[in-house]
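Only the coordinates and a few stated rules stand behind these numbers; no lab work does. Everything numeric here is computed off the predicted structure, so don't read it as measured data. Methodologically, a virtual Cβ is constructed for each residue, glycine included, from the backbone with ideal geometry; neighbour enumeration extends over all protein chains shown.
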Amino acid sequence: MYIVIVGDGKVGIELTEQLSKEGHDVVVIDRDPQVVEEVVNAFDVKGLCGNGATYGAQEEAGVGGADLLIAATSADEVNILCCLVARKLGAKRTIARVRNPEYLGQLPFMQEDLQLSMVVNPEFEAAREIARVLRFPSAAQIESFGKGRVDLVEVRIPAGSPLCEARVSELSAGKRKVLICAVQRGEEVFIPSGAFVLQAGDRIHLTASAPDMADFFKTKGLQKARVKGVMIIGGGKIGQYLAQMLTSSGMEVKIIESDEDRCRELAEQVPKAAVIWGDGTEQELLDEEGLDRMDALVALTGIDEENIIISMYANLKKTPKVITKINRNSFAGILGSLGLDTVISPKSISADRIVSYTRALQNSTGSAVKTLYKLVDGKVEALEFEAGEDDGAVIGRPLRELRLRSNLLIACIIRRNKLIYPTGEDRIEKGDRVVVVTANKYLSDLREILQ
């Protein structure tokens, strides 16, 4: 597809990298000539220096013939204007990044009346993912499929756990159905067979029904106490969204923010939260505000290094749940070794949503991608397909008869709100939602699960 990206900040660069690797014809528009030069040199894309909201710049970039324009500048209003100009020029579809909390309630109106194909709010998506983890603190990460009916949960196996030296096939003994979909061991990644033996330190991704998941965590000694009190360091947009979500669910929230004016705004926007003006990187302040009595700490400052140091101190203070926000993916690989298991990247969350959408566009007649998550530092993908009319090669046949690709697992089938954790005798039917976990990248069609 021919895709134009306006604005090459954090989200724009992440999208440029992912979409160019997936083989799309990408053009980047940005005001900064140095940014344009760097992105053209780094990736197989074209670049244009200019104001992406203007008719002239978009016309020069060929937006009239574009399959998709993505507006990801730092200004919401500019992004909306970019999309309006693009639709006027003839672009088939447009996506706008809209971040301002004041616009949150207007997003459905914007999408429909302004003819936006998608509206993405990285900060809101990040806050929602953090809130989901805090409601189930035993997990390092939680990815949701089938409109929330199925969760894919990541957890690290601690030393001395009953899971150490256990075979994957042993975990679904009796009526409980727990499926291990992927295992990260050091730098290696496995889509495990039933004979795979787990070890201490493994990071496992598993799926199960909610009761079976809860029973699994309880019996294997992985369950953590429910989170009641949360300390948030950094009162930016993510902090505001998160505090609103958590206080509405009854949690006690304390926000530490270094900007005095922003503290006043937060006190008005989140009246149920305690807002503290101070430097969240200061050990004395964290101690004074009762870090050792908190069930969770979420580090959300704008500087990765600060978030990492704050999180490490919270670990030292034995805070039960620690969540770290990062902007640079280069840090992601080392954080696990520092004991920081739950890491959130807003730009990656948004990029995954948009990449999922582009893969769905590539396959308008078959089984479109409904949901996509990148796991294990991008080495594994978890995708949700809807089986369509053109998927006869996989529909109606027992799964044991299908010649599946290597390093691929059918994790779950959702059929008319019923969850099926498949055996070799189960079949995929038209209309099913099929969750696939694979180390084979760039799948865009359910039929591509076959060799």
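Taking the mean number of other Cβ atoms within 10 Å as a proxy for protection, how do you rank 384-394, 400-410 from highest to lowest?
Values: 384-394: 19.1, 400-410: 14.5.
Descending mean neighbour count gives 384-394, 400-410.
For a Förster distance of 22 Å, can you work out the FRET efficiency between the beta-carbons of D259 and A75, rounded to the nearest 0.05? Mind dumping the intermediate values first?
On the way: r = 20 Å, r/R0 = 0.91.
After rounding to 0.05, the efficiency reads 0.65.
Which entries of K177/K272; K177/K317; K317/K441; K218/K418; K147/K318; K318/K374 have Cα-Cα distances beyond 32 Å here?
Working: K177/K272 40 Å; K177/K317 36 Å; K317/K441 40 Å; K218/K418 24 Å; K147/K318 34 Å; K318/K374 29 Å.
K177/K272; K177/K317; K317/K441; K147/K318, as the Cα separations exceed 32 Å there.
Counting other Cβ atoms within 10 Å, keep those with at most 10, restrict to DSSP loop, and tell me which chymotrypsin sites (Phe, Trp or Tyr not before Pro) in the stretch 186-289 are left.
Details: sites: F190, F196, F216, F217, Y241, W277; in loops: F196.
Sparse-neighbourhood loop chymotrypsin sites (Phe, Trp or Tyr not before Pro): none present.
Determine Rg/Rh for the stretch 186-278; Rg is computed over alpha-carbon atoms and Rh is the Kirkwood hydrodynamic estimate from the same atoms.
Values: Rg = 19.5 Å, Rh = 16.5 Å.
Taking Rh as the inverse mean 1/r over Cα pairs, Rg/Rh reads 1.18.
Which order do the peptides 122-129, 218-225, 262-269, 242-249 come out in when sorted by mean C-beta neighbours inside 10 angstrom, highest first? Spell out each step's value before the answer.
Working: 122-129: 21.6, 218-225: 13.5, 262-269: 15.6, 242-249: 20.1.
Highest-to-lowest ranking by the protection proxy: 122-129, 242-249, 262-269, 218-225.
Would you kindly derive the ³J(HN,Hα) couplings of the stretch 383-391 from the backbone phi angles with the Karplus curve 6.51 cos²θ - 1.76 cosθ + 1.60 (θ = phi - 60°), listing them in order in whole Hz, with x for Gly and Pro?
Using θ = phi - 60°, the values come out as 10, 10, 10, 10, 5, x, 5, 8, 9 Hz.
Taking amide H positions as placed in the peptide plane 1.01 Å from N, state which residues far from I255 in sequence (5 or more) or on other chains have amide H under 5 Å from it.
The list, which skips near neighbours in sequence, is I232, A274, V275, I276.
Using the Kirkwood formula over every pair of different C-alpha atoms, what hydrodynamic radius in Å results for the stretch 139-219? Could the numbers behind the result be given before it?
Details: mean 1/r = 0.0777 Å⁻¹.
Every distinct Cα pair counted, the radius reaches 12.9 Å.
Whole number please: convex hull volume per residue, Cα atoms of the stretch 352-449, in Å³. Each step should come with its number before you reach the end.
Working: hull volume 8.8 nm³, N = 98.
Hull volume normalised by residue count: 90 Å³.
Residue-wise, which Karplus ³J(HN,Hα) couplings in Hz belong to the stretch 281-296, taking 6.51 cos²θ - 1.76 cosθ + 1.60, θ = phi - 60°, and x for glycine or proline?
So the Karplus estimates, Gly and Pro as x, are 8, 7, 4, 4, 5, 4, 5, 5, 8, x, 4, 5, 9, 7, 7, 7 Hz.
Positive end of the dipole of the chain, charges at C-beta (+1 Lys, Arg; -1 Asp, Glu), about the Cα centre: which of A166, L266, L19 has its Cα farthest in that direction?
My answer, from the dipole projection, is A166.
Give the label of the value calculated from the structure for P(r) over Cα pairs in 20 Å bins from 0, in percent, choosing from (i) 17, 23, 17, 14, 13, 11, 4, 0; (ii) 21, 54, 24, 2; (iii) 24, 55, 21, 0.
Recomputing P(r) over Cα pairs in 20 Å bins from 0, in percent here picks out (iii).
Calculate the dipole size of the stretch 2-120 relative to its Cα centre from +1 charges on Lys and Arg beta carbons and -1 charges on Asp and Glu beta carbons; express the result in debye to the nearest 20. Please list the in-between numbers first.
Working: 10 positive and 18 negative charges, 55 e Å.
Computed charge dipole of the stretch 2-120: roughly 260 debye.
Just report the Cα centroid separation between the stretch 64-102 and the stretch 176-255, whole Å.
35 Å
For every helix of n ≥ 4 consecutive DSSP H residues, a contribution of -39,500 (n - 2.57) applies; sum these over the chain, divide by its total residues, and give [θ] at 222 nm rounded to the nearest 500 deg cm²/dmol.
Helices in the chain give a 222 nm mean residue ellipticity of -9000 deg cm²/dmol.
Among A139, Y421, T342, whose Cα sits farthest toward the positive end of the charge dipole of the chain (+1 at Cβ of Lys/Arg, -1 at Cβ of Asp/Glu, about the Cα centre)?
With unit charges placed on the Cβ atoms, the residue in question is Y421.
Taking the stretch 81-131 on its own, what percent of its Cα-Cα pair distances exceed 18 Å?
On the way: 421 of 1275 pairs.
Counting every Cα pair in the stretch 81-131, those more than 18 Å apart make up 33 percent.
If you build the convex hull over the alpha carbons only and average its shadow over all orientations, what do you get for the stretch 24-75? Give it in nm² to one decimal. Before the final figure, lay out the partial values.
Values: hull surface 14.5 nm².
The Cα convex hull of the stretch 24-75, projected and averaged over all directions, gives 3.6 nm².
With +1 assigned to the C-beta of every Lys and Arg and -1 to the C-beta of every Asp and Glu, and no other charges, what is the dipole magnitude of the chain about the Cα centre in debye, to the nearest 20? Before the final figure, lay out the partial values.
Details: 56 positive and 65 negative charges, 425 e Å.
I would put it at about 2040 debye.
Amide H to amide H, which residues 5 or more places from C412 or on other chains are under 5 Å from it, using H placed in the peptide plane?
Answer set, sorted by chain and number: V435.
What is the antiparallel percent of DSSP beta bridges lying wholly in the chain, to the nearest 5? Provide the component values of the computation, followed by the final result.
Details: 44 of 84 bridges.
Within the chain, antiparallel bridges account for around 50 percent of the total.
With +1 on each Lys and Arg Cβ and -1 on each Asp and Glu Cβ, how big is the dipole of the stretch 139-219 about its Cα centre, in debye rounded to the nearest 20?
On the way: 10 positive and 10 negative charges, 62 e Å.
The calculated dipole for the stretch 139-219 is roughly 300 debye.
I need the peptides 38-51, 433-446 ranked by packing, meaning the mean over residues of other C-beta atoms within 10 angstrom, with the highest value on top. Please report the intermediate quantities before stating the final value.
On the way: 38-51: 16.3, 433-446: 20.6.
Descending mean neighbour count gives 433-446, 38-51.
Pick out, from V380, V85, Y103, the residue whose Cα sits farthest towards the positive end of the charge dipole of the chain, with +1 on the Cβ of Lys and Arg and -1 on the Cβ of Asp and Glu.
V380
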